[in-house]
1. Could you check, for segment B:7-22, whether at least one of its residues is more than 22 Å from B:SER57 (Cα to Cα), under 24 Å from the mean Cα position of the chain (by Cα), free of Cβ contacts under 8 Å to residues at least 12 places away in the same chain and more than 7 Å from chain A (Cβ to nearest Cβ)?
2. Testing B:TRP80 on (1) at the interface with chain A (Cβ under 10 Å from one of its Cβ atoms); (2) part of a helix (DSSP H, G or I), one condition comes back false. Which one is that?
3. I'd like the full set of residues that are closer than 11 Å to A:LEU86 by Cβ and surrounded by 15 or more Cβ atoms within 10 Å (Cβ to Cβ), limited to segment A:126-174.
4. Return the residue satisfying two criteria in turn: it lies in segment A:100-116 and is in contact (Cβ under 8 Å) with a residue 40 or more places away in the chain and surrounded by 15 or more Cβ atoms within 10 Å (Cβ to Cβ), and of such residues it is farthest from the chain's Cα centre (by Cα).
5. Out of the residues in segment A:192-212 meeting the condition of being over 26 Å from the mean Cα position of the chain (by Cα) and modelled with pLDDT under 80, tell me which one is surrounded by the fewest Cβ atoms within 10 Å (Cβ to Cβ).
6. If you go through segment A:101-116 one residue at a time, do you hit one that is assigned to a strand (DSSP E or B) and touching a Phe, Trp or Tyr at 6+ places or on another chain (Cβ under 8 Å)?
7. Output the residues belonging to segment B:61-98 that are under 26 Å from A:GLU101 (Cα atoms) and in contact with a Lys or Arg (Cβ under 6 Å, 6 or more places away or on another chain).
Amino acid sequence: MRDRDWQQKMKEIHHTENEHSLRPEHRDELEHRLLVGYQNLRPRNRRWLMLLNFKNRTARFAVAGLAMLILGVGACSTSTTSEVDLGQALTIEVPEGVNVETIDNALSKFLETKPEIQDVTVTLRESVAGGAVFELVLWGKEIAPEQLVADLRRAVPALADSDIGTKALSGSFRETYANKIMREVFMFELDGETEIQVAARIMAGLKSRGLAEGVVVDVRMTDDATGITIDIRPEDEE
Amino acid sequence: MDLKRNIRDGRHRIWWRSARSGNEQAFRRLYGELYAPVASYVSQRVRNQQDAEDIVSQIFQRFLQRFERFDAQQGSLMTWVLAMARNAVIDHYRQSSAYGAARTDTVDVAEMGDVLIAVTEAPLTNLIACEEREQLRRWLRRQPADLREMFALRYGQGLGLKEVAQVLNLSEAAVKQRFARATKKIRQELLTEFETTPTETEVRHA
C-alpha cells in the first residue's frame, strides 16, 4: 500500500464528505428560522436601489400629504422614461499561483476607499486556466470604470497585469413625472438630520426644478426618527 | 492550503462581511455552504436523527448569535463553525443519560473521545471489498481517541492540518507532529502487512 493509497482508504473509511442522515427538509426549516433571527439582528441591505420602492420601510420614509403636491395635473398623467445607473460589473482573472486570500483582502481594502460604491456582491470561481476569477458587482451611482480599474491596478500590484473586464449595470423604467420628481426630491436616506435640515433639503430639490416658488415645506419626525410626515402646501394656505 | 479550500474560505469571508452589513442573500449563501459539513459532522457522531437535527439547529442559532465575533485572522468560517459543532456534540453527550445525570459536570472530554469520531460504518459491501481498508480500520481502532478524531476531521471533513488544529484548539505544530508520527506508524505497521504491493522506491530499485 502506497502513501496515497492509505490516504484514499482513510477517506473511504470516514465516508464521503458532507453526507448526512438528517431529513432533507430540516435544512429549509432551519434556514427559515435563522432568517427570522437574522432579520431581527441585522439592518436590511441599504442598497440605494431599494429607495426606489416607495413602500419600503427601511428607507425610513413615511411620505404623507403628497397628493396635494403643487405639481400640475397634466404632469401627473404624462409618463417619461428614466434611466438609472446601477453600477459596474467587474471580472478579475487571478493567475494560478497567486494567493487568492491576499487578493481578497486587498480588494476589500480597496473597495472600502471608494465611497461611490454602496454595496458589493462577489463570487469567486476557478478559471479554466487553473487560476481563480473574481466576479464583482459594484452597486452605486457614478462609478467611473476606467478610473476604477486604474486605481485597482495601482492599489493591488498583484493585479497589475491581470485581465480586468468591466460592464455597466444600467436600466430604464417608465414613470409619471410626479413619481419622477417624488423619487428625485424625496427619496434620500436620513443620517441624523433635523426636521429643519430635511425641509431645507426638500426645498432645495424643489427649487432646482423650479417648483419652490410660493411653497412651504413642513417636516415632522416621530421621536424615534422612524416616521416622517412631510407637508407641502401653497404659502397662502398658512 | 490548496486552491479549492482557499477559494472556499475567501468566498465565505466575503459573504460573511456582506451578511454582516445586512445582505440577507449573502447570509443565505453562507448558511447553504456550511449546512452540509455541519450536518455531516453531527449526524456521523450522533445516531439519533432527532437529536442530531436539534444539535445542528443549536449550532446555527449560536452561529447567528456570535456572527459578529468571527475573526478571520483566527481561521476560516468553516473551522469556526465546526469547532462549534464539536463543542455542541460534547455538550450533548455530557447531558445525555448515557453518562448519567450525576456526572454531567464532571465528564472529561477525553472520556468522550469515541463519540467525537465519526461512527458511520460503510455498507457491508464496502467492508468486505478491500482487505487493506479493513486493516487500516483495525489499525485506527487501536489508536488513541484524540488521534482518531484528527483523522476524522482530516479525512472525513476534508480539513487541512491548520484547520484541524483550529477546530481542536491545538497548535498547528502539534497537529503536524501527531500526523507525522501517525504516518510513520502507518508506514511501519501497515506497509509491512501489505508487502505484496511494492512501493515506488522498491520498483525503481528492482
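The values are calculated or read from the model by the stated rules, or taken from the named source; none is laboratory data. What you see is a predicted model; the values in this text were computed from it and never measured. Using ideal geometry, Cβ is built from the backbone for each residue, glycine included, and neighbour counts are taken over all protein chains shown.
1. no
2. Every listed condition holds for B:TRP80 apart from (1).
3. Answer for segment A:126-174, where residues must be closer than 11 Å to A:LEU86 by Cβ and surrounded by 15 or more Cβ atoms within 10 Å (Cβ to Cβ): A:VAL137, A:LEU138, A:TRP139, A:GLY140, A:ILE143, A:LEU169.
4. From segment A:100-116, those in contact (Cβ under 8 Å) with a residue 40 or more places away in the chain are A:102-103, A:106-107, A:109-110, A:113; that's our starting set.
With the extra rule that they be surrounded by 15 or more Cβ atoms within 10 Å (Cβ to Cβ), the set shrinks to A:103, A:106-107, A:110.
Numbers: A:ILE103: 23, A:ALA106: 21, A:LEU107: 18, A:PHE110: 18 Å.
For segment A:100-116, the residue satisfying everything is A:ILE103.
5. A:GLY210
6. Restricting attention to segment A:101-116, the residues satisfying the condition of being assigned to a strand (DSSP E or B) are none.
No, there is no match, as no residue in segment A:101-116 is assigned to a strand (DSSP E or B) and touching a Phe, Trp or Tyr at 6+ places or on another chain (Cβ under 8 Å).
7. Within segment B:61-98, B:ALA72, B:MET84 qualify.
One line per residue, one yes/no per condition, for (1) at pLDDT 85 or above; (2) away from chain A (no Cβ under 14 Å); (3) surrounded by 16 or more Cβ atoms within 10 Å (Cβ to Cβ):
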| site | (1), (2), (3) |
| --- | --- |
| B:TYR93 | no, yes, yes |
| B:SER97 | no, yes, no |
| B:LEU116 | no, no, yes |
| B:ARG154 | yes, no, yes |
| B:GLY158 | no, no, yes |
| B:VAL167 | yes, yes, yes |
| B:LYS176 | yes, yes, no |
